[in-house]
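We did not get these values from a lab; they are worked out from the coordinates using the rules stated. Computed from a prediction, not measured in an experiment: that's the story for all the values here. With ideal geometry, Cβ positions are generated from the backbone for all residues, glycine too; neighbour counts draw on all protein chains shown.
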Amino acid sequence: MNRRRVLRHAAITATVLVALVAITLAALPGIARWLLVSQLSRTTGRQVTLDTLELELFKGRFGLRSLRVIDHDGDGTANNEGGIKRWLKLAEAAGLNADEVRAGTGILPATRFAVNEYLNIVRNGSLLEAVASSLTELFSRDLISLRMEKMRQHYPWLSGGLDYFEARLTQAPEDAKFAITYVYEHAKTRAEQELAIQALRDKCDILWAQLDALYFAYVQPGWPPPGAFLMKEEGA
């Protein structure tokens with residue numbers, strides 16, 4: 001009798017444990033997704049969404065579906081298109097083909113090199129260096145306001161494509177506030193402070209390299225390299 005009772009209790013316990021494990025495994029992707037989104041939002045200071053997190057525990061793999069940084073990717077609704085789509089609208093207002101812009105057709109080699117170098121800072125450096133490199137945003141709000149004023153004055157046909165810059169008037173100060181706070185709190189040692197300073201210097205060099213390349217190709221002496229974008233003559 002006692003043996004039957006022990007076996008019954010063991011069977012019930014095993015059933016409960018199996019059920020708990022099954023429930024935990026079923027709920028784990030949702031819990032991990034919530035934790036990942038929360039941590040990314042806290043780390044980056046930006047709103048982040050993730051449609052699905054796929055876990056393969058026994059293979060040690062996971063997959064992310066539709067991970068979005070809302071500022072840039074949008075949220076899939078008309079209310080928040082995101083910076084990438086707004087940038088394409090600006091390109092179309094300038095008379096460019098959005099598909100070619102998205103594909104990077106005609107990009108100056110120096111511009112491509114500079115952008116890849118910025119990716120290298122973020123990819124290979126520390127999180128502190130990546131955040132510090134964005135501190136150029138500290139000065140961007142006034143520059144964006146001036147840029148929009150001059151664009152409307154000299155290129156009135158662009159007025160319908162300036163949503164990207166309109167959004168940056170509020171986003172840039174928010175990004176700058178997050179960045180300066182993060183650097184202040186995490187660059188504790190002199191070595192860490194030097195890393196942050198160098199990252200910002202590197203970012204400024206990258207921006208200047210792009211401007212120099214544009215000036216050389218399209219202003220003075222006006223020598224665009226093979227494969228670069230060429231402005232079409234009116235009526236051509």
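How fast does segment 134-183 diffuse by Stokes-Einstein, in µm²/s, taking the Kirkwood radius from C-alpha pairs at 25 °C and 0.890 mPa s? Provide the component values of the computation, followed by the final result.
Numbers: Rh = 11.5 Å.
Result for D is 214 µm²/s.
Based on the alpha-carbon gyration tensor of segment 107-218, what equivalent-ellipsoid semi-axes (square roots of 5 times the eigenvalues) come out, in whole Å, largest first?
With the √(5λ) rule applied to segment 107-218, the semi-axes are 28, 19, 10 Å.
A crude spin-label estimate for the pair Asn97 and Met231, with each label 7 Å from Cα along the Cβ direction, gives 2.0 nm.
For segment 142-236, GluC sites (Glu not before Pro) meeting the loop criterion (DSSP other than H, G, I, E, B) and having at most 14 other Cβ atoms within 10 Å: Glu233, Glu234.
Around Pro109, what is the net charge, scoring Lys/Arg as +1 and Asp/Glu as -1 over all other residues with Cβ under 13 Å from its Cβ? My count for the surroundings of Pro109 gives -1.
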